[in-house]
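Report on the structure given below.
The values are calculated or read from the model by the stated rules, or taken from the named source; none is laboratory data. The shown structure was predicted, so the numbers you read here are calculated from the model rather than taken from an experiment. We place every Cβ from the backbone using ideal geometry, glycine too, and count neighbours over all the protein chains shown.
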Amino acid sequence: MSTGRSAGGAPMRGLAGGSLAFLVIIIIIIALGASTTRFAQVDEGQRGVIITQGAVEGVQEPGIFFRAFAPFTRVEIIEVRRKTREVSQNVASSDKQLYDIKIQVDFSRLTTPAALKGSYGSIGVRDENLIAFLDGFVNDALKSASTQYTLDEVLADRGGLSNRITQILTSGTSDRPSPADQLFVRIDAVKVLDIVVSEEYARLLSEKSNLEVQIETEERRRQQIEAQQANNLFQAEQEAKVALTTEQGRTAAALEAASRDSQVRAIQGKYWRENPELFELRQRELMVEMLQSGNLWFVDPNTNLTLLLNQMATGGMEVVPVPQPSTPAEPNAPAEPSTPAQPTP
């Protein structure tokens, strides 16, 4: 009876031992899978660099990265959000003036896979490494740009200095890439925050500002004086023109009067020299003819009768007769046609 029990228990122990071994193997596989599974959460503003056996395999966009049985794979998170860096330095201008300047540089990493791979291979994923390299480039660019402007130009045009620093950071040569390309970043903005000059130079600036105000005041006063002088000159010219026109009118009237008087004297002298009695007689005859012609004569009071009679005598004046109103005819009497009287030549 004891021998039978021993033979029946051996298979059961073998089965139990096999099940336990299988369970152990399953547990080992699960543990091994869990220990070699790679999981990573990549948020917005980040990128994940997938590294397998020390080499960059790819770039993980925002989302979840999961890979089982990947003992030699890891995901490095890189910040690609825009960052701000402030740099202060004592620099010299082109006119040998020392001053302290503080600038702000806004930058961000390039997000293309090639740029992220290059950034990981050159400076790693830590922002401290990137900022250390960037500060060096910014300091060099600030020193180079400051020597290209005088201190007055920097104070008057901070934007020009900012643009020059940006140009130095983003411009390269045929044999050397730009600092931004070397760091695989994009320079978003450069801004001058503050400029501190020495007390002596600040005093000189104050004196210069006061002098410029005085010069501007004197210039405005000079312009006002010139405008008043120009106005006075214009008025004097207008008054001179009016006086000249008036004098020319008076002279012309005097010349006309003198000419007429000369003509009268010449006519009178001519007839007087020929026959004084005939001259007087001719004047009376012409006046009688005018009165007897039956026409109306309108003579301006200022007309010289001597000239008028001479023109009538020589036929040099056109006479326009004015017809007289006809007398009403008597009843039963034939109306006679009225003939306008003609002046006697």
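Counting only residues that are farther than 12 Å from SER94 by Cβ and more than 27 Å from the chain's Cα centre (by Cα), how many does region 144-170 have?
Final tally of qualifying residues: 3.
Identify, from the list ALA202, ALA180, ALA236, the residue that is in a helix (DSSP H, G or I), surrounded by 10 or more Cβ atoms within 10 Å (Cβ to Cβ) and in contact with a helix residue (DSSP H, G or I) (Cβ under 7 Å, 6 or more places away or on another chain).
Details: ALA202 fails: in contact with a helix residue (DSSP H, G or I) (Cβ under 7 Å, 6 or more places away or on another chain); ALA236 fails: in contact with a helix residue (DSSP H, G or I) (Cβ under 7 Å, 6 or more places away or on another chain).
Exactly one of ALA202, ALA180, ALA236 is in a helix (DSSP H, G or I), surrounded by 10 or more Cβ atoms within 10 Å (Cβ to Cβ) and in contact with a helix residue (DSSP H, G or I) (Cβ under 7 Å, 6 or more places away or on another chain), namely ALA180.
Given the condition in contact (Cβ under 8 Å) with a residue 40 or more places away in the chain, among the acidic types (Asp, Glu) and either loosely packed, with under 14 Cβ neighbours inside 10 Å or not assigned by TED's automatic domain parsing to the domain that holds ILE28 (or both), answer yes or no: does some residue in region 134-141 qualify? Write out each step before concluding.
Of the residues in region 134-141, the ones in contact (Cβ under 8 Å) with a residue 40 or more places away in the chain are 134-135, 137-139.
Going one step further and asking which of them are among the acidic types (Asp, Glu), we end up with 135.
Checking the rest, the ones that are also either loosely packed, with under 14 Cβ neighbours inside 10 Å or not assigned by TED's automatic domain parsing to the domain that holds ILE28 (or both) come to 135.
Looking for residues that are in contact (Cβ under 8 Å) with a residue 40 or more places away in the chain, among the acidic types (Asp, Glu) and either loosely packed, with under 14 Cβ neighbours inside 10 Å or not assigned by TED's automatic domain parsing to the domain that holds ILE28 (or both), one finds at least one in region 134-141, hence yes.
If I ask for residues that are of a type outside the set (A, V, I, L, M), in a helix (DSSP H, G or I) and without any contact (Cβ under 8 Å) to a residue 40 or more places away in the chain, which ones from region 123-133 would you list?
Pass one, region 123-133, residues of a type outside the set (A, V, I, L, M): 124, 126-129, 133.
Adding the requirement that they be in a helix (DSSP H, G or I) leaves 127-129, 133.
The answer is GLU128, ASN129.
Among the listed residues LYS208, LYS191, which satisfies the condition of being under 29 Å from the mean Cα position of the chain (by Cα) and surrounded by 14 or more Cβ atoms within 10 Å (Cβ to Cβ)?
Step by step, each of LYS208, LYS191 is checked, and only LYS191 is under 29 Å from the mean Cα position of the chain (by Cα) and surrounded by 14 or more Cβ atoms within 10 Å (Cβ to Cβ).
Pick from ILE215, ILE225: which is modelled with pLDDT of 80 or more, under 30 Å from SER93 (Cβ atoms), among the β-branched types (Val, Ile, Thr) and under 59 Å from the mean Cα position of the chain (by Cα)? So that I can check it myself, show each step before the final result.
On the way: ILE225 fails: under 30 Å from SER93 (Cβ atoms).
Result of the check over ILE215, ILE225: ILE215.
Of (1) of a type outside the set (Asp, Glu); (2) at pLDDT below 90; (3) within 24 Å of ALA189 (Cα to Cα), ALA70 satisfies all except one. Which?
Looking at each condition in turn, ALA70 falls short on (3).
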